[in-house]
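**Q** Take this structure first; my questions come after.
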C-alpha cells in the first residue's frame, strides 16, 4: 500500500460564472468510456422502444406452441429470423418481448417521473418561495409521506384499485412527488434572496412568474439528475410490482412480468429469467451512471475533474496552475496544524 | 454552566416534537389503512370476489357493520386497533363466508402477523450485517485511491447493487449456487444455510448505497487539515483511515445504515416471496392473493409501524451524534 492519500489534487477555485458550450460537455463525455457506454445503451434502448414495431423481429404476443422454450440462437421452426434470445413457454420470441417490454418499462418510468416531477417541483417552489404556513404544511406532508414505506403502500392501493398502467402512474405520482418537492424547496430557498430574484420582484413581476421564469430555470440541472435517478427507481418498482402481480397485466410484455413467468421454468430454460433481468439491470445502471456523470459535470466545484485534459503532462500543468491560482487567492485550505476534534 | 441546560432543553424539545410527529404519522397511517380499505372499491366485493351473489354481499355488509355510517366505523376501527384488534382473518377464520358470528369465530390477525416477525428480523439482521461489512470494505478501499481504476470499478459495483432487481438476483443465485453448484438449499427456513442466499440478495441494495456514503464521507474527511498533520507525523494510510478519520466520518454512514434498515423491512417482501422465507412479507403477499383484507391491513400496519419507528430511532440517534442538530434542535 502506498503512503500517499491522493487528496492533493487541488481543484482550481470554482468559477460559477463560467458558461460552457455544449461541445465541451460532449467532448468530456467522449473521453469517459463508462458514461459514454451508458449513453449509447440508453439511446439504443429508447430508439428500439419507440420503433419497436420496426425493430422487433416478431410479434411479442404471437404464440407458436411448436417452437416453445427454444434456447437462444435457435432457428425458427417456420423458417423466420433466428430467435437470438430464444423463445418462452408459449413460443413467443424473447428478443421481441424484451424490446416491447422496454416500451412499457420506459414509459412507466419516464411518465411517472415527469408527472410526479411536475407536481413535486410546483409544490416545492411554492413552499420555498412563500414560506410561512404554506411551507410548513407542505413540508410536514413531505416528511410524513417520506417516512412511509412506499412499496407497501403502493401494493395496498393497487390491491384495492386493481392493477394496470394508468393506476401504476397514479400510484407512483402519489408516492414520489415528495422527493422533488424537498429538493426544489431547498434550491428555491437558496435562490429567493439573491439579487436577480429581488430585482425581478422589484420590477413588479407576479410571484408565479418569479418562481417559474426566474427561479425554476436555475434549479433545472440538479432536478434533471434527480429525475433520471427516479426513472431508474420507478422502472425497478414497476418490475417489482409486476412480479407480484400488481403492475402490468399479461399478455403485455413487461420485464418484471417476464421474470415472474420465467420463474416456473427456472431449471429448464434459464434464458426466460436472465434476459429481462439483465435488461432491467443495464437500464437502471446506465441511468445511474449517467446521472452521476451529469451531477459531476454540472457542479462548478467538481467538474474540473472531468473537463480537464487527460494526458499526464497536461494534467500536471493544469494542477500546477490550479495551485498557483489558489495561492493567489490566499489558499482555500492551507495546512493549519490541528488534530481531530 | 448555562450551556448544558440549553442543550438539554433543545434536546428535550426536539425529542418531544419528533415523538409527537411520529404519533401523528401513526394515526395518519391507521386512518389511511382504514379509509383506503373502505373507500377504494367495495370492501364486500373486494373480499368476497366478483362471483358473490347480491344476497351474500348484503349479508356480509350487515354482519361486518359496513352499512353503518363511515364515522362510526372509523371510531370502531380506531378503538379496535388501539386494543390490538385488527379483526379476524378470512383465510384462517372460516371455510364458508360469511358466518353469523363474524367476530370471535375466526383467528385474530395481529398474532398471525406478529408470529412471523422473528423470521423477518432474522433475515433483515443478517442482511444488514453483510451489507455493512461489504460496504465498509468497498467504500474504504475506494476512498483511499479516488479516481483510480479500483475506485471506478467499486463505483460501478455500488451502482449495480442499487440497480439490480432484488427478486431477479435471488433467482439467479438460486440457479447458480443451489441448482448448479448444489452448495446451499434453494429455499426454506431452519438452518444457517437457509439464510445465506436470501440475506445476500437483500444486502445488494444497502451495500451499494452505504458504500457510496462511506466513500464520499471518507473523502471529505481525508481532505481535512488534521489528516495532513497526522500524515506528516508519519502515520500510515491504514492507520489514518481506521484510527483518525473513520469515527469522524461515521455520522452520515450511521444515518444511511438506519435508512436502509427501514428499506430492508419492505424489501424483504419480495425476497421472502422468492425464497419462501416465512416472514411477514410472505404472509402479506399470500394474503394479497387471497384478498384477506384484515390480514393485509394488519401486516401493512405492522411493517409500516416498524419502518416509522426505525426512522424515529435513527433520527434520535443522529441528533445525539451530530452536535449541530443537538444545539439547534432543528429538523433532521
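The values are calculated or read from the model by the stated rules, or taken from the named source; none is laboratory data. Since we're looking at a predicted model, the values are computed, not measured. Cβ coordinates were reconstructed from backbone atoms using ideal geometry, including for glycine residues, and neighbour counts include every protein chain displayed.
**Q** Would you call residue B:268 within 13 Å of chain A (Cβ to nearest Cβ), without any contact (Cβ under 8 Å) to a residue 60 or more places away in the chain and touching a helix residue (DSSP H, G or I) at 6+ places or on another chain (Cβ under 7 Å)? Give the derivation first.
**A** Details: within 13 Å of chain A (Cβ to nearest Cβ): yes; without any contact (Cβ under 8 Å) to a residue 60 or more places away in the chain: no; touching a helix residue (DSSP H, G or I) at 6+ places or on another chain (Cβ under 7 Å): yes.
So residue B:268 fails the test.
**Q** Is the stretch B:179-194 home to any residue that is farther than 26 Å from residue B:119 by Cβ, in a helix (DSSP H, G or I) and modelled with pLDDT under 80?
**A** Narrowing the stretch B:179-194 to residues farther than 26 Å from residue B:119 by Cβ: B:180.
Right, trim to in a helix (DSSP H, G or I) and you get B:180.
Then drop every residue that is not modelled with pLDDT under 80, which leaves B:180.
There is at least one residue in the stretch B:179-194 that is farther than 26 Å from residue B:119 by Cβ, in a helix (DSSP H, G or I) and modelled with pLDDT under 80.
**Q** While we're looking at this one, here's another question. Pairs please, first residue from the stretch A:137-156 and more than 7 Å from chain B (Cβ to nearest Cβ), second anywhere and outside any helix (DSSP H, G or I), Cβ atoms under 8 Å, 6+ apart in sequence or on different chains.
**A** As it stands, the answer is A:143/B:331; A:154/A:246, since those pairs meet every condition given.
**Q** Something else about it: Within the stretch B:118-128, does at least one residue satisfy the condition of being surrounded by 16 or more Cβ atoms within 10 Å (Cβ to Cβ) and within 14 Å of chain A (Cβ to nearest Cβ)?
**A** Looking for residues that are surrounded by 16 or more Cβ atoms within 10 Å (Cβ to Cβ) and within 14 Å of chain A (Cβ to nearest Cβ), one finds at least one in the stretch B:118-128, hence yes.
**Q** Something else now. Can you pull out every residue in the stretch B:218-249 that is surrounded by fewer than 16 Cβ atoms within 10 Å (Cβ to Cβ), within 15 Å of residue B:139 (Cβ to Cβ) and at pLDDT below 80? Step through it out loud before you land on a result.
**A** Residues of the stretch B:218-249 that are surrounded by fewer than 16 Cβ atoms within 10 Å (Cβ to Cβ), as a first pass: B:220, B:225, B:232-234, B:236, B:238-239, B:242-243, B:247.
Among the residues that remain, those that are also within 15 Å of residue B:139 (Cβ to Cβ) are: B:220, B:238, B:242, B:247.
Residues satisfying the conditions are B:238, B:242, B:247.
**Q** I've got another one for you. Quick check on this structure: which one of B:199, B:204, B:249 is in contact (Cβ under 8 Å) with a residue 24 or more places away in the chain, within 17 Å of residue B:174 (Cα to Cα), within 31 Å of the chain's Cα centre (by Cα) and within 13 Å of another protein chain (Cβ to nearest Cβ)?
**A** Working: B:199 fails: within 13 Å of another protein chain (Cβ to nearest Cβ); B:249 fails: within 17 Å of residue B:174 (Cα to Cα).
Selected residue: B:204, the only one of B:199, B:204, B:249 that is in contact (Cβ under 8 Å) with a residue 24 or more places away in the chain, within 17 Å of residue B:174 (Cα to Cα), within 31 Å of the chain's Cα centre (by Cα) and within 13 Å of another protein chain (Cβ to nearest Cβ).
**Q** Got a sec? Which of A:124, A:164 is touching a residue at least 60 places away in the same chain (Cβ under 8 Å) and more than 14 Å from chain B (Cβ to nearest Cβ)? It would help to see each step written out before you state the result.
**A** Working: A:164 fails: more than 14 Å from chain B (Cβ to nearest Cβ).
From the options A:124, A:164, the qualifying one is A:124.
**Q** When you scan the stretch B:257-265, do you find a residue that is more than 10 Å from chain A (Cβ to nearest Cβ) and closer than 24 Å to residue B:144 by Cβ, even just one? Don't jump to the end; show me each part of the working.
**A** Applying the first criterion (more than 10 Å from chain A (Cβ to nearest Cβ)) to the stretch B:257-265 yields B:257-261, B:264.
Cutting the leftovers down to closer than 24 Å to residue B:144 by Cβ gives us B:257, B:260.
Checked against the condition, which is being more than 10 Å from chain A (Cβ to nearest Cβ) and closer than 24 Å to residue B:144 by Cβ, the stretch B:257-265 yields at least one hit.
**Q** Here are some residues: B:231, B:239. Which one is more than 29 Å from residue A:149 (Cα to Cα), more than 10 Å from chain A (Cβ to nearest Cβ) and assigned to a helix (DSSP H, G or I)? Talk me through it step by step, then tell me what you get.
**A** Details: B:231 fails: more than 10 Å from chain A (Cβ to nearest Cβ).
Every option except B:239 fails the conditions.
**Q** Might you check whether a residue that is out of contact with any strand residue (DSSP E or B) (no Cβ under 7 Å at 6 or more places or on another chain) and not in a helix (DSSP H, G or I) occurs anywhere in the stretch B:250-264?
**A** Within the stretch B:250-264, none of the residues are out of contact with any strand residue (DSSP E or B) (no Cβ under 7 Å at 6 or more places or on another chain) and not in a helix (DSSP H, G or I).
**Q** While we're on this one: Of the residues A:156, A:165, which single one is within 30 Å of residue B:271 (Cβ to Cβ) and over 24 Å from the mean Cα position of the chain (by Cα)? Steps first, please.
**A** Details: A:165 fails: over 24 Å from the mean Cα position of the chain (by Cα).
Among A:156, A:165, only A:156 is within 30 Å of residue B:271 (Cβ to Cβ) and over 24 Å from the mean Cα position of the chain (by Cα).
**Q** Something else now. Which residues, counting only those in the stretch A:124-149, are under 21 Å from the mean Cα position of the chain (by Cα) and crowded, with 22+ Cβ neighbours inside 10 Å?
**A** The answer is A:124, A:149.
**Q** One residue is enough: does the stretch A:16-23 have a residue meeting the conditions more than 22 Å from the chain's Cα centre (by Cα) and either farther than 30 Å from residue A:211 by Cβ or at pLDDT 75 or above (or both)? Please lay out each step first, then the result.
**A** Filtering the stretch A:16-23 down to residues more than 22 Å from the chain's Cα centre (by Cα) leaves A:16-21, A:23.
Next cut, either farther than 30 Å from residue A:211 by Cβ or at pLDDT 75 or above (or both) only: A:23.
Yes, because at least one residue in the stretch A:16-23 is more than 22 Å from the chain's Cα centre (by Cα) and either farther than 30 Å from residue A:211 by Cβ or at pLDDT 75 or above (or both).
**Q** Under 8 Å between Cβ atoms, at least 6 apart or on separate chains: pull out the pairs that start in the stretch B:288-302 with a residue that is on the phi > 0 side of the Ramachandran plot and end on any residue that is at pLDDT below 80.
**A** Final answer for the pair search is B:291/B:46; B:291/B:47; B:291/B:49; B:291/B:90.
**Q** While we're looking at this one, here's another question. With the stretch A:183-288 as the region, which helices (runs of 4 or more DSSP H) entirely inside it contain at least 1 residues that are more than 14 Å from every other protein chain (Cβ to nearest Cβ)? Working first, answer last.
**A** Values: elements: A:195-202, A:216-243, A:255-262.
Helices (runs of 4 or more DSSP H) meeting the threshold: A:195-202, A:216-243.
**Q** If you don't mind, another one. Scan the stretch B:152-178 residue by residue and report those that are facing chain A (nearest Cβ under 7 Å), in contact with a helix residue (DSSP H, G or I) (Cβ under 6 Å, 6 or more places away or on another chain) and assigned to a helix (DSSP H, G or I).
**A** Residues satisfying the conditions are B:159, B:160, B:162, B:163, B:167, B:168, B:171.
**Q** Restricting to the stretch A:90-106, give me the number of residues that are in a loop (DSSP other than H, G, I, E, B) and at pLDDT 70 or above. Even if it seems obvious, please write down each step before you answer.
**A** Going residue by residue through the stretch A:90-106, those that are in a loop (DSSP other than H, G, I, E, B) are A:90-92.
After this cut, where a residue has to be at pLDDT 70 or above as well, the list is A:92.
So the answer is 1.
**Q** Only one of these is at pLDDT below 85 and touching a helix residue (DSSP H, G or I) at 6+ places or on another chain (Cβ under 9 Å): A:165, A:159, A:172. Name it.
**A** Numbers: A:165 fails: at pLDDT below 85; A:172 fails: at pLDDT below 85.
So the residue among A:165, A:159, A:172 that is at pLDDT below 85 and touching a helix residue (DSSP H, G or I) at 6+ places or on another chain (Cβ under 9 Å) is A:159.
Okay, residues lined up against (1) in a helix (DSSP H, G or I); (2) modelled with pLDDT of 80 or more:
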| position | (1), (2) |
| --- | --- |
| B:77 | yes, no |
| B:80 | yes, no |
| B:84 | no, no |
| B:92 | yes, no |
| B:97 | no, no |
| B:104 | no, no |
| B:110 | yes, no |
| B:118 | yes, yes |
| B:123 | yes, yes |
